[in-house]
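A quick write-up on the structure given underneath.
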Amino acid sequence: MIGKTECFNESHDAFIKHIENELSKTKGNQLILISLVDEWGKENILSDAFYEHITKYNSPHLSYITFDFHEYCKGLQFGNVLILLQLLDEKYLLREMRFCWINTETNTMLSEQTSVFRINCVDCLDRTNVVQAAIAKTILEIMLKKVGLLDFDEGGLNGHAKRIFQTMWADNGDAISRQYAGTDAMKVRQSNE
């Protein structure tokens, strides 16, 4: 019988391999881990184990944020994902992420992406997709403002551009959901409003 310590050590090796693979995508800069796992009940065991792995790994290249999606967004209150976005903004994790921007005339790098978001959830593509859509929309708005296609005084995507983003993201969520679950996503069309 395998003891708790042996099991943790074995899973920690897998954790390290996964995290280092993810960090390699950011050239070792920053990996922002967002856990949507319930902080009590059945999922709490996984939440605690994930936190233990992060603590043992102890890297300045990891940022860890918990957001109990069920608690914040119960009753289909997906707009409460803004609380998570505000936290990410306060910690400068959204603005510091940056993005790849190359001047094709001079072939010079104007900006390079420095971080990646990794969303951790348990068996729920809808939770993950709602949060990823909110982060993607925010990053897209930052990018469009930087390249001069969206006015800094404007609140964000609106009208036709917003509908295109919502449709694209909903179609993406449906495609991923069909791969994993055999059905379309349940909440994505409402999540980007």
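The values are calculated or read from the model by the stated rules, or taken from the named source; none is laboratory data. This one's a predicted model, so the numbers in the text were calculated from it and none came from an experiment. Positions of Cβ are generated from backbone atoms using ideal geometry, with glycine treated the same way; all protein chains shown enter the neighbour counts. For the accessible areas, the whole protein counts, side chains as well, though only heavy atoms, and no ligand, DNA or RNA atoms are used. Shrake-Rupley method; radii C 1.70, N 1.55, O 1.52, S 1.80 Å.
Below, the figures for the structure above:
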| read-out | value |
| --- | --- |
| Residue count for the range 25-60, restricted to those that are at pLDDT 85 or above, among the polar types (S, T, N, Q) and either part of a helix (DSSP H, G or I) or over 20 Å from the mean Cα position of the chain (by Cα) (or both) | 3 |
| Residue tally, condition touching a Cys at 6+ places or on another chain (Cβ under 8 Å) and without any contact (Cβ under 8 Å) to a residue 40 or more places away in the chain, over the range 62-111 | 3 |
| Positions within the range 1-24 being open to solvent by 100 Å² or more (accessible area, probe 1.4 Å), over 21 Å from the mean Cα position of the chain (by Cα) and at pLDDT 85 or above, in sequence order | D13 |
| Every residue from the range 30-58 that is of a type in the set (S, T, Y), in contact (Cβ under 8 Å) with a residue 40 or more places away in the chain and open to solvent by 20 Å² or more (accessible area, probe 1.4 Å) | Y57 |
| Per-region count, the range 115-161, residues assigned to a loop (DSSP other than H, G, I, E, B) and free of Cβ contacts under 8 Å to residues at least 60 places away in the same chain | 13 |
| Every residue from the range 61-80 that is under 13 Å from C121 (Cβ atoms) and assigned to a helix (DSSP H, G or I) | F69, H70, C73 |
| Subset of the range 59-77 (residues that are open to solvent by 20 Å² or more (accessible area, probe 1.4 Å) and among the aromatic types (F, W, Y)) | Y64, Y72 |
